[in-house]
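One structure is given below, encoded as structure tokens.
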Amino acid sequence: MAQYTRVSGFVGLITLQNPPVNALSAPVRQGIVDTVQRALSDPEVKSVVICGQNGIFCGGADIKEFGTDMFGPPLIPMIHAIEAANKPVVAAIEGIALGGGLELALGCHYRIAHSKARLGLPEVTLGLLPAAGGSQRLPRLIGVPAALNLITTGRHVTAAEALQLGIVDQVTDHNTVDAAVKFALRVGGQSLDARRISTYPCPQQPDLDALFEDVMQKVRQSARGAIAPVACVQAVRAAATLPYTQGMEREKELMATLFTSGQARALQYCFFAQRAVGRWKMPNGARWDTSKPRPVHKAAVIGLGTMGRGITVALAQTGLSVIAVESQEKQLMEAKQAVSGMLERGAKRRGVAPVLDRISYSQDIQAVADVDLVIEAVFEDMALKTKVFRQLSAVCKPGTLLCTNTSALDVDQLASETPNPELVVGMHFFAPAHVMKLLEVVYGSRSSPEAVATAMQLGKKMGKASVAVGNCRGFVGNRMLKLYLEQASFLLEEGATPELVDGALEEFGFPMGVFRMSDLSGLDVGWRIRKGEGLVEPGMASGQSARIRQGRRYSPLGDLLYEQGRFGLKTSRGWYQYDKPGSRVARSDPWVHSFLEEYRARHGLVARNIDHQEVLERCLYAMINEGFHILEDGIAAGPEDIDVIYVFGFGWPRHRGGPMFYADMVGLAKVMEKLEHYHQAHPDVPYLQPSNLLRKLVASGSPPIHTWGEVIKKLHSQL
Ligand SMILES: CCCCCCCCCCCCCC(=O)CC(=O)SCCNC(=O)CCNC(=O)[C@H](O)C(C)(C)COP(=O)(O)OP(=O)(O)OC[C@H]1O[C@@H](n2cnc3c(N)ncnc32)[C@H](O)[C@@H]1OP(=O)(O)O
Ligand SMILES: NC(=O)C1=CN([C@@H]2O[C@H](COP(=O)(O)OP(=O)(O)OC[C@H]3O[C@@H](n4cnc5c(N)ncnc54)[C@H](O)[C@@H]3O)[C@@H](O)[C@H]2O)C=CC1
């Protein structure tokens with residue numbers, strides 16, 4: 001809807017009305033067409049202002065309309081009609097002007113923004129391009145390099161940057177609509193010949209071919225396999241090389257390919273999934289809208305190793321006072337330096353002052369007596385964590401929330417060691433904790449809704465995609481990861497190389513294959529986890545029973561490399577070799593290849609040809625099957641939760657939506673059939689057997705992902 005009023009005698013004021021972001025739904029587009037027509041045909045009206053209600057200009061096309069039978073007036077002719085008007089039209093931009101919202105503003109003759117407004121063309125993040133003329137007008141207005149940057153990244157710019165780039169004509173700290181109306185009165189009657197962006201020539205650019213080649217290479221590298229960034233570059237190239245009308249044709253052609261693509265569906269699914277996980281619920285009925293978070297002003301971190309340091313930085317950058325506790329003096333000194341360095345570098349990047357004084361350091365756990373929340377990040381050792389939790393219960397003021405960053409240990413067991421188990425939750429960050437955008441909030445059987453709400457709210461404030469999950473070994477992310485890693489090792493035993501496996505996964509879109517990732521995080525980390533699970537048996541690694549542990553197939557390859565002191569990047573040797581410790585350039589290592597050959601010979605394994613397809617099916621379907629078990633067990637509330645965890649925490653390519661969405665795209669029947677095939681070939685790997693839920697879904701005709709919840713409910717009610 002759009003409301004029309006006449007203000008200051010001569011200005012037609014059009015207000016977009018579609019909360020919460022005034023998206024351009026069919027009724028809003030119809031409202032704009034009607035009200036523009038009304039203003040233009042009223043002889044009293046000399047100029048027009050377009051604004052949005054509630055201090056928000058417009059969040060762009062209504063994404064919920066995509067994939068439906070779209071009706072109502074199309075955007076492109078609507079924007080053309082505004083640009084062609086013979087009365088000045090001024091956009092009054094408050095809050096946001098994104099996507100179609102900015103394209104609408106670019107069709108206006110003038111743009112005035114509030115100083116706090118943000119503008120951008122984020123279509124690429126939804127698998128699209130700015131196809132309501134944005135890809136053709138923006139380069140004409142601000143030049144090709146700046147337009148390429150905005151359109152291929154989808155980043156939002158501040159009003160100040162928009163002014164500097166020339167996207168807006170004026171920025172105000174005052175009432176934007178009043179300023180726009182005054183402006184409109186002043187320009188009423190002036191010639192509009194120089195104000196129609198579509199008539200501008202695209203600013204000349206030396207070495208145009210080299211520029212496009214360079215940008216194309218960058219976008220192909222940064223989002224491997226994603227088609228929208230490539231189409232965005234092609235559309236801007238059309239703006240730079242073709243007349244406007246032909247450029248618009250090209251824009252339409254490119255959009256037609258993107259609009260119905262699986263990648264656009266996946267990215268739009270991710271957009272809504274990211275928001276859906278905020279509406280968390282627990283099996284006991286507690287939920288986001290009935291649980292009140294507690295205020296957290298002061299927090300403590302216990303253990304300043306890899307994780308504790310990052311968590312300290314993230315908390316301080318969120319505005320909290322932090323007490324950072326580390327038991328080892330040397331570690332404490334090193335941590336102090338490392339945390340200050342991270343804060344200084346972060347502040348420099350953002351052009352702000354570092355917040356070093358928000359953190360105080362101590363070796364004494366008594367220092368945390370008056371904090372609102374503690375995050376424990378000591379070694380992954382239940383006995384140690386139990387001791388720390390007992391100490392915290394004695395030291396902290398009543399009501400302090402006790403959180404653990406454990407990767408896999410039992411949150412209920414830890415809670416049971418405290419007098420107030422309702423105050424205990426897991427806050428599972430991902431390394432590096434101040435960078436990675438995922439937080440798993442793990443509720444135990446006795447965690448209070450208030451504790452979960454507080455951890456979820458804190459995660460959100462820290463800028464993390466926060467997902468509430470149930471308590472089980474490895475929670476959601478690591479529980480699934482374990483099988484992915486295991487399948488990758490089995491493939492090496494059967495004839496693959498680290499290069500082949502990583503190549504397949506990187507071609508799929510992961511920024512890094514499983515073995516490069518393992519070198520980066522350290523082979524010692526995985527070894528410690530397996531040791532904790534009783535899987536590592538020194539001296540057994542080359543014996544007859546080396547490949548069976550706890551009654552099922554096991555690959556000791558990672559343990560053997562660990563025993564050789566090959567910890568990955570930190571020792572310059574792992575699954576690959578590196579020029580020096582810490583170097584990121586992984587090179588093939590002939591030693592690893594001969595080691596694998598000897599290993600196979602020792603165990604009587606005959607190497608066979610393994611192709612990319614098998615690598616993907618074995619690694620991904622095993623993980624997906626575990627995802628179905630997780631849904632069946634009620635550890636994740638829905639497939640969106642699992643997908644958000646994988647996209648934000650494990651580098652799953654966003655344009656493939658997440659593992660559960662991917663399964664839906666591939667077809668559940670096909671996933672099940674392949675799992676059955678691989679389980680037959682590897683009966684000693686029980687988890688390749690399709691889960692109950694997957695079977696049920698296939699038996700119910702493979703319903704679309706957003707309806708799986710009903711099948712899960714039915715399954716639970718039959719138990
Ligand atoms: C054969 C086929 C031929 C095909 C040819 C087709 C040609 C079609 C031509 C059409 C050309 C159209 C081009 C175009 O206009 C493209 C676009 O505009 S795409 C949309 C671009 N806009 C965005 O990407 C903005 C997305 N939104 C955000 O980034 C944030 O929501 C925002 C910064 C606006 C606000 O953030 P915040 O305050 O944190 O609130 P939330 O994110 O939680 O959002 C609140 C609520 O609002 C919902 N929402 C937000 N934006 C939209 C939207 N654009 N459409 C619909 N709904 C939106 C959001 O989902 C939240 O609701 P929930 O219920 O919680 O999900
Ligand atoms: N490293 C990773 O990638 C991730 C680790 N985690 C989990 O985070 C926790 C910490 O892991 P890391 O940071 O990697 O370990 P780390 O080994 O780097 O650091 C642990 C720190 O805790 C300190 N510490 C031990 N006992 C203490 C005590 N009683 N009081 C104060 N400090 C004490 C140690 O001196 C050490 O500095 C573990 O539970 C781990 O499973 C979770 C996510 C990712």
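Brief remarks on what is shown
- Rounded accessible area of Arg345 (nearest 10 Å², 1.4 Å probe): 140
- Computed accessible area, Arg38, all protein chains, 1.4 angstrom probe, square angstrom: 140
- Among Val187, Val157, Leu500 the positive-end extreme of the charge dipole of the chain (Cβ point charges): Val187
- In this simple spin-label approximation, Val7 and Arg287 carry label points 7 Å from Cα along the Cα→Cβ vector, and these lie 3.9 nm apart.
- Among 381-389, 482-490, sorting by the average number of other beta carbon atoms lying within 10 angstrom of each residue, highest first, gives 482-490, 381-389.
- Summing Lys and Arg as +1 and Asp and Glu as -1 over all other residues whose Cβ lies under 12 Å from the Cβ of Ile76 gives a net charge of -1.
- Heavy-atom accessible area per residue - the chain, 1.4 Å, Å²: 42
- Ratio of Rg to Rh over the range 496-602 (Cα coordinates, Kirkwood Rh, two decimals): 0.97
- Cβ-placed point charges (K, R +1; D, E -1), dipole of the chain about Cα centre in debye, nearest 20: 1020
- DSSP beta bridges in the range 298-472 [antiparallel fraction, %, rounded to 5]: 15
- Legend: calculated FRET efficiency, Lys670 to Thr707, from the Cβ-Cβ distance at R0 = 25 Å, rounded to 0.05, equals 0.85.
- Under the simplified labelling scheme, the Ser360-Glu329 pair shows an inter-label distance of 2.1 nm, with each label point 7 Å from Cα along Cα→Cβ.
- FRET efficiency estimate (nearest 0.05) - Cβ-Cβ, Asp633 to Gln190, R0 60 angstrom: 0.35
- Restricting the calculation to alpha carbons of the chain gives Rg and Dmax of 28.4, 94 angstrom.
- Near Lys385: Cβ cut-off under 11 Å, other residues only, Lys/Arg at +1 and Asp/Glu at -1. The net charge is -3.
- Taking the DSSP beta bridges with both ends in the chain, the antiparallel portion is around 30 percent.
- Entry note: the range 2-259 has Rg to Rh equal to 0.96, where both radii use alpha-carbon atoms and Rh is the Kirkwood radius.
- Protein-only accessible surface order, largest first, of Arg275, Arg349 at 1.4 Å: Arg349, Arg275
- Projected label distance in nm at Glu253 and Ser521, using a 7 Å step from Cα toward the beta-carbon: 4.5
- Accessible-area order (highest first, 1.4 angstrom probe) of the listed residues Ser555, Ser191: Ser191, Ser555
- Taking the protein heavy atoms of the range 496-602 in the context of the full set of protein chains, the accessible area attributed to carbon and sulfur is 53 percent at 1.4 Å.
- Electrostatic tally near Asp42: other residues with Cβ closer than 13 Å to its Cβ, Lys and Arg +1, Asp and Glu -1, net +2.
- Extension gain from Leu560 to Lys437, taking 0.36 nm per residue of separation minus the Cα-Cα distance: 41.0 nm
- Nearest-0.05 FRET efficiency for Ala607 and Leu535, computed from C-beta distance (R0 22 Å): 0.35
- Distance-filtered residues of the range 559-590 - backbone nitrogen under 12 Å, label point 7 angstrom along Glu597 Cα→Cβ: 590
- Between 0 and 90°, nearest 10: helix 612-632 axis offset from the chain longest Cα axis: 90
- Potential lengthening of the chain between Ala383 and Ala26 amounts to 122.5 nm, from the contour at 0.36 nm per residue minus the alpha-carbon distance.
- Cα-based Kirkwood hydrodynamic radius, the range 298-472, one decimal, Å: 15.8
- Distant-in-sequence amide H partners of Ala300 (H built 1.01 Å from N, under 5 Å): Ile323, Leu373, Val374, Ile375
The values are calculated or read from the model by the stated rules, or taken from the named source; none is laboratory data. Predicted model only: the values in this text are computed from it and were never measured. FYI the Cβ positions are ideal-geometry reconstructions off the backbone, even for glycines, and counts take in every protein chain you see. SASA here: full protein model, heavy atoms, side chains in, ligands and nucleic acids out. Shrake-Rupley method; radii C 1.70, N 1.55, O 1.52, S 1.80 Å.
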